[in-house]
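Worksheet for the structure shown next.
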């Protein structure tokens, strides 16, 4: 508590003001880092009359305006209305930009709509340059709000919107800006300025928007280059555009998979639109030198529902984690057909110089899917694993394990395994579990 109250208040950190308000309601000493700490205490006082009296003085101290924002959602009506009057008088473009993160954060709480509406009124008077800091704010809610406002007010050009869609890490901003950019150029036909930023974006949503727009831009031929994109949604959009342009994505995928160096995205793309017979093109790629190609080939076989357990099991030892992960997903529905002996050997053998973590995780996932005594045996084994996360996973499985339907009560191995894991239970719970398993405590 002392650290929260005595810390210097940062105007750019909205959470600091909320913590200060909560802290000062519980404590009586002053925060440091403020010119008028006594006034800050009064603004957060338990007594509404004191809070209301402090509001008038706070307007003269710009550093305390964040607490005026907080009081705009005060639970006492008189305090709340007075704070709103004062904030309306004090809020200009400069302070609005500075306080936007706090207002938007606090506005998500009860009675916060007023401050957001007032902020919108102020920001709509701002220039694009004044809003620039908010376009890249660390808080995605701020970026969403200011980009939405910029779109409504026409503050950004189509090219700037496209660059924002390509740059931002938030899906809402990506979609908002990409759609706005494409809607704007659809009226003028100037697709050139927005396509390149969208098509070159790292995030798949922006790329997908750009690929879809290729048809309207009369550049459907470029969509073929995105059929092997690393993103499934981009590949799907590319297939649509290619088909609309009279092309055949499936024929292209089949040709690419026969190439000496197939693109990983083309391998999984074949499965996404191919037939079960196309598995004949994917099985040879399971042994391709590139791990990414092998992984996509295994994923494709699973998508086509042509998993061969006998041929898939050896892939659980692949040096590429992605291949092992895909093979595990393919084998999980048939986990009962995978011999548990070799899997247990991979859990128990030769640490830390033995089997790598991704192989041990795959073995445990498949053994866990078997259920029954096999699940308990595997979980107890990984309690000694060098990997902390795998140990924790095993502990959770042991603690949740119960005798399943079809198991014979009184199995001595169950008692031995639970005994090895007794540190995970209280004596009462362990005795109960043994009793449930048909064993004496």
**Q.** Most mobile listed residue (371, 291, 269) in the chain, GNM with C-alpha springs under 10 Å
**A.** 371
Q: Label the stretch 113-271 by shape, choosing from rounded, prolate and oblate, from the square roots a ≥ b ≥ c of the eigenvalues of the Cα gyration tensor; if a/c is under 1.5 it is rounded, and otherwise prolate applies when a/b is larger than b/c, oblate when it is not.
A: prolate
(Q) Please report Rg (one decimal) and Dmax (integer) in Å for the Cα set of the chain. (A) 30.8, 82
Q: Just order 63-72, 327-336, 186-195 by mean Cβ neighbour count inside 10 Å, highest at the front, would you?
A: 63-72, 327-336, 186-195
Q) Sorted by packing (mean other beta-carbon atoms within 10 Å per residue), highest first, where do 198-210, 134-146, 388-400 land? A) 198-210, 134-146, 388-400
**Q.** Helix axis angle, 158-167 relative to the chain longest principal axis, alpha carbon, degrees
**A.** 60 degrees
Q: Report the residue, chosen from 285, 214, 39, that carries the largest GNM mean-square fluctuation when the chain is represented by alpha-carbon nodes joined by springs under 10 Å.
A: 39
Q | Helix-only mean residue ellipticity at 222 nm for the chain, each DSSP H run of n ≥ 4 adding -39500 (n - 2.57), per residue, nearest 500 | A | -19000 deg cm²/dmol
Q. Label points 7 Å out from Cα along the Cβ direction at residue 357 and residue 93: separation in nm?
A. 5.1 nm
Q: Take peptides 412-419, 425-432, 114-121 and line them up by average Cβ neighbours within 10 Å, highest first, as a rough protection proxy.
A: 114-121, 412-419, 425-432
Q | C-alpha long axis of helix 204-216 to longest principal axis of the chain, angle in ° | A | 90 degrees
Q: Please determine, in degrees from 0 to 90 and to the nearest 10, the orientation of helix 357-370 with respect to the longest principal axis defined by the Cα atoms of the chain, where the helix direction is its Cα long axis.
A: 80 degrees
Q.
I want to verify a result. In a Gaussian network model of the chain, Cα cutoff 10 Å, which of these has the top mean-square fluctuation: 402, 288, 147?
A. 402
Q | Cα-based shape type of the stretch 156-247, given that a ≥ b ≥ c are square roots of the gyration tensor eigenvalues and the cut on a/c is 1.5 | A | oblate
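Readers should treat all values here as calculations from the given coordinates under stated rules, not as data from a laboratory. What you are looking at is a predicted structure, and each value in this text was computed from that prediction instead of being measured. Methodologically, a virtual Cβ is constructed for each residue, glycine included, from the backbone with ideal geometry; neighbour enumeration extends over all protein chains shown.
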